[in-house]
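Structure below; questions to follow.
The values are calculated or read from the model by the stated rules, or taken from the named source; none is laboratory data. This one's a predicted model, so the numbers in the text were calculated from it and none came from an experiment. With ideal geometry, Cβ positions are generated from the backbone for all residues, glycine too; neighbour counts draw on all protein chains shown.
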């Protein structure tokens with residue numbers, strides 16, 4: 001068993017014994033490992049260790065401590081988030097800080113039995129995230145989402161992803177950015193999608209992966225979730241989810257939602273081909289992405305011409 005896990009368990013509680021360690025699959029931005037511990041009285045407990053990747057560390061060298069502080073705040077606010085147990089500083093066994101959090105028994109739901117209930121619960125938890133008092137976040141250093149988008153727009157790649165309308169998306173956003181403020185800045189999850197929710201017996205148990213948390217217009221999270229739900233469940237589900245969210249957040253101004261939809265649509269540019277998807281899945285996602293961009297353009301009164309079929313999926 002890896003010596004570093006024994007060391008980490010000893011740091012957290014010298015009387016605990018490490019029983020086993022195993023990698024948790026599915027993470028992209030961080031290496032995630034589960035540990036099972038046993039106390040002197042025989043009680044067993046599982047925890048999760050999150051080691052952030054180089055891309056996140058380059059963006060924010062303090063990402064581990066920021067995530068740890070944020071999880072403490074969210075747990076205190078009553079949100080369904082993992083309990084943070086330990087922040088490990090860099091040293092002999094860990095080249096960068098990492099966080100140890102609660103292991104939640106549950107699973108992601110790719111095909112929920114009751115889609116309507118699923119979407120209502122997803123929308124409800126997103127509204128709770130956006131309702132967190134931002135004064136509680138004073139001890140954290142969270143990026144400004146609007147500034148992050150501005151930086152991404154400034155760094156225009158030499159080769160645009162034509163298959164995902166990157167050129168059109170950037171032209172539209174560049175013409176209006178920064179958007180005039182129409183909503184209060186709130187806490188953002190930053191990568192809110194069904195894969196970052198865990199479920200148990202039809203109930204949403206926890207929202208995970210908070211390393212992309214930011215401050216900004218709540219429509220940023222909404223736009224990202226709309227695209228992800230479209231990808232996973234189709235147009236009707238996306239529309240139902242949006243209505244559930246809007247019913248709970250009636251005071252928001254949704255005028256700029258099409259622009260935030262386009263921000264979400266820009267995220268997979270030049271990356272989708274490297275996600276290791278089955279060809280049929282990728283083909284469906286590209287078709288739905290095109291629909292997503294088209295509906296945003298229509299709402300903005302911008303002509304849209306569908307791109308040609310992506311080569312390699314024909």
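For region 50-134, which helices (runs of 4 or more DSSP H) that fit wholly inside it have 3 or more residues that are farther than 21 Å from residue 249 by Cα and modelled with pLDDT under 95?
Those helices (runs of 4 or more DSSP H) span 54-59, 63-76.
Going by the structure shown, is residue 119 assigned by TED's automatic domain parsing to the domain that holds residue 136 and either surrounded by fewer than 17 Cβ atoms within 10 Å (Cβ to Cβ) or touching a helix residue (DSSP H, G or I) at 6+ places or on another chain (Cβ under 8 Å) (or both)?
So residue 119 fits the description; yes.
Moving to a separate point now. Which one is surrounded by the fewest Cβ atoms within 10 Å (Cβ to Cβ) among residues in region 289-299 that are in contact with a helix residue (DSSP H, G or I) (Cβ under 8 Å, 6 or more places away or on another chain) and without any contact (Cβ under 8 Å) to a residue 60 or more places away in the chain?
Across region 289-299, the extreme among qualifying residues is 299.
Let me ask something else about it. Evaluate region 304-311: report whether one residue or more is outside the structural domain of residue 70 (by TED's automatic domain parsing), part of a loop (DSSP other than H, G, I, E, B) and farther than 13 Å from residue 165 by Cα.
Scanning region 304-311, I find at least one residue that is outside the structural domain of residue 70 (by TED's automatic domain parsing), part of a loop (DSSP other than H, G, I, E, B) and farther than 13 Å from residue 165 by Cα, so the answer is yes.
Working only within region 272-288, note down all residues that are touching a helix residue (DSSP H, G or I) at 6+ places or on another chain (Cβ under 9 Å) and not in a helix (DSSP H, G or I).
Passing the criteria: 275, 277.
In addition: Is there a residue being surrounded by fewer than 17 Cβ atoms within 10 Å (Cβ to Cβ), in contact with a strand residue (DSSP E or B) (Cβ under 7 Å, 6 or more places away or on another chain) and within 26 Å of residue 261 (Cβ to Cβ) anywhere in region 52-67?
Among the residues of region 52-67, not one is surrounded by fewer than 17 Cβ atoms within 10 Å (Cβ to Cβ), in contact with a strand residue (DSSP E or B) (Cβ under 7 Å, 6 or more places away or on another chain) and within 26 Å of residue 261 (Cβ to Cβ), which makes the answer no.
Which one of these is at pLDDT below 95 and on the phi < 0 side of the Ramachandran plot: 296, 308?
308
Tell me yes or no: at least one residue of region 9-23 is surrounded by 12 or more Cβ atoms within 10 Å (Cβ to Cβ) and either assigned by TED's automatic domain parsing to the domain that holds residue 271 or under 22 Å from the mean Cα position of the chain (by Cα) (or both).
Checking region 9-23: not a single residue is surrounded by 12 or more Cβ atoms within 10 Å (Cβ to Cβ) and either assigned by TED's automatic domain parsing to the domain that holds residue 271 or under 22 Å from the mean Cα position of the chain (by Cα) (or both).
Restricting the search to region 81-95, which residues are crowded, with 19+ Cβ neighbours inside 10 Å and in contact (Cβ under 8 Å) with a residue 24 or more places away in the chain?
Within region 81-95, 81, 82, 88 meet the criteria.
Of the residues that sit in region 135-183 and are in contact with a strand residue (DSSP E or B) (Cβ under 6 Å, 6 or more places away or on another chain) and assigned to a helix (DSSP H, G or I), which one is surrounded by the fewest Cβ atoms within 10 Å (Cβ to Cβ)?
In this case the residue turns out to be 146.
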